[in-house]
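As structure tokens, the structure follows; a few thoughts come after it.
The values are calculated or read from the model by the stated rules, or taken from the named source; none is laboratory data. Since this is a predicted model, take the numbers as computed values, not measurements. Note: ideal-geometry Cβ built from the backbone for every residue, glycine included; neighbour counts use all protein chains shown. Please note that ligands, DNA and RNA were not included when accessible areas were found on the heavy atoms of the full protein model with its side chains. Shrake-Rupley method; radii C 1.70, N 1.55, O 1.52, S 1.80 Å.
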Amino acid sequence: MNRRITLLLTAGWMFLGGCQPCPEKFVSAETLVGEYNANASQVRRLWARARIRVTFSDEAGRSISWGSASPLAAANALVLLEKPEDKSRPADFVLVGREMAELFRVGTDSANGLYYCWANLDGRGGAWLGRTKYAGAPGVKGMPIDPMQLVEILGITELPAVRADAMPAVVMTLQQKPCAYVVRYLNPQPVSGHLKIWREVYFRWSYTEPRRPYQIKLYDAAGLCRVIAKVSDYKPIAIATDGDEPIMPTDIRITFPAIKNVQPASSLHMSLTEMTTTKALPSRKVFDFRSHLPAGITNPVQVDSACENK
């Protein structure tokens, strides 16, 4: 009798614990992506404060860390975003870290067709830039934190609608252990034209939790995972109109794993507050690369120099 009770208790523990099966019901890719895009499309502009902890590394193994994402810390960064009317162009975006003065920027400058990152911490730093038309092209490497990837983690830029015979495209699979909808973003690589998987977005597939992203993985053209992001603590974004407010993750933990001859190890923990679409942004110059570059950084590294004549 004791052995039977033990077996029943063990089976019950397995069911209630890690071996609980995934839900029997699930939604289609069209429904999942439609829900996600309905939320993201409400955000044409974003202004938010952030508490961040960031670590930059370079190919020589030197690293620089700065800031704190603790709830007790003061905000030390701003997140600004503005989407263009032309959806084929990337959003203008910048993450600005500052104390008494600006210490780093990670952003996209659509007017000049650039994406960039610069840092000037503890007397050390550097700058990196690339052209948005070559983002992901063969030979592009060395950007410590890639803003083209970072902006996709915020959960407020749309995915392509699910449709046949169109690029870019998304496909969905169902994952178990843990249970998740996995949406993969496909698009041809710049220059080569080869079709590549660039992004995987993991949504909750649960009896009790909303269908929201909780993890994003970003890949390069070789299939290497360049970014792993954990996102949580969804909160509303203030809007000017009546109705349901859009939401976004406010706890974002990003790891850029070290990949030899591709990227140095870096990390970013960001906690967002005061998210709003109603606050006017400064002039478009806020996204500009060169006008904000510190005087002490004179030779930015062009990460897509291998594409110069392509």
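Observations on the structure shown:
- Any hit, segment 145-158, residues being more than 21 Å from the chain's Cα centre (by Cα), modelled with pLDDT under 90 and not hydroxyl-bearing (Ser, Thr, Tyr): no
Residue-wise test of (1) in contact with a Cys (Cβ under 9 Å, 6 or more places away or on another chain); (2) at pLDDT below 90.
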{"residue": "Thr6", "(1), (2)": "no, yes"}
{"residue": "Ala38", "(1), (2)": "no, no"}
{"residue": "Ser41", "(1), (2)": "no, no"}
{"residue": "Phe56", "(1), (2)": "yes, yes"}
{"residue": "Ile64", "(1), (2)": "no, yes"}
{"residue": "Asp92", "(1), (2)": "no, no"}
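- Single residue of segment 105-115 satisfying the filter (part of a strand (DSSP E or B) and over 13 Å from Val286 (Cα atoms)) that is most open to solvent (accessible area, probe 1.4 Å): Leu114
Residues checked against (1) touching a strand residue (DSSP E or B) at 6+ places or on another chain (Cβ under 7 Å); (2) under 16 Å from Leu224 (Cα atoms); (3) hydroxyl-bearing (Ser, Thr, Tyr):
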| site | (1), (2), (3) |
| --- | --- |
| Leu129 | yes, no, no |
| Tyr134 | no, no, yes |
| Gly142 | yes, yes, no |
| Gln149 | yes, yes, no |
| Ile153 | yes, no, no |
| Ile156 | yes, no, no |
| Leu159 | yes, no, no |
| Arg163 | no, no, no |
| Ala166 | no, no, no |
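- Each residue in segment 131-189 was checked for being outside any loop (DSSP other than H, G, I, E, B), more than 23 Å from Thr255 (Cβ to Cβ) and of a type in the set (D, E, K, R), and 2 of them qualify.
- For beta carbons closer than 6 Å, sequence separation of 6+ or different chains, a first residue in segment 132-146 that is under 21 Å from His194 (Cα atoms) and in contact (Cβ under 8 Å) with a residue 12 or more places away in the chain and a second that is open to solvent by 20 Å² or more (accessible area, probe 1.4 Å) and outside any loop (DSSP other than H, G, I, E, B), the qualifying pairs are Ala135/Met148; Gly139/Ala306.
- Filter pass, Ser63 being open to solvent by 30 Å² or more (accessible area, probe 1.4 Å), under 19 Å from the mean Cα position of the chain (by Cα) and more than 20 Å from Thr273 (Cβ to Cβ): no
- Segment 256-273, residues that are touching a residue at least 40 places away in the same chain (Cβ under 8 Å), open to solvent by 40 Å² or more (accessible area, probe 1.4 Å) and farther than 24 Å from Ser68 by Cβ: Asn261
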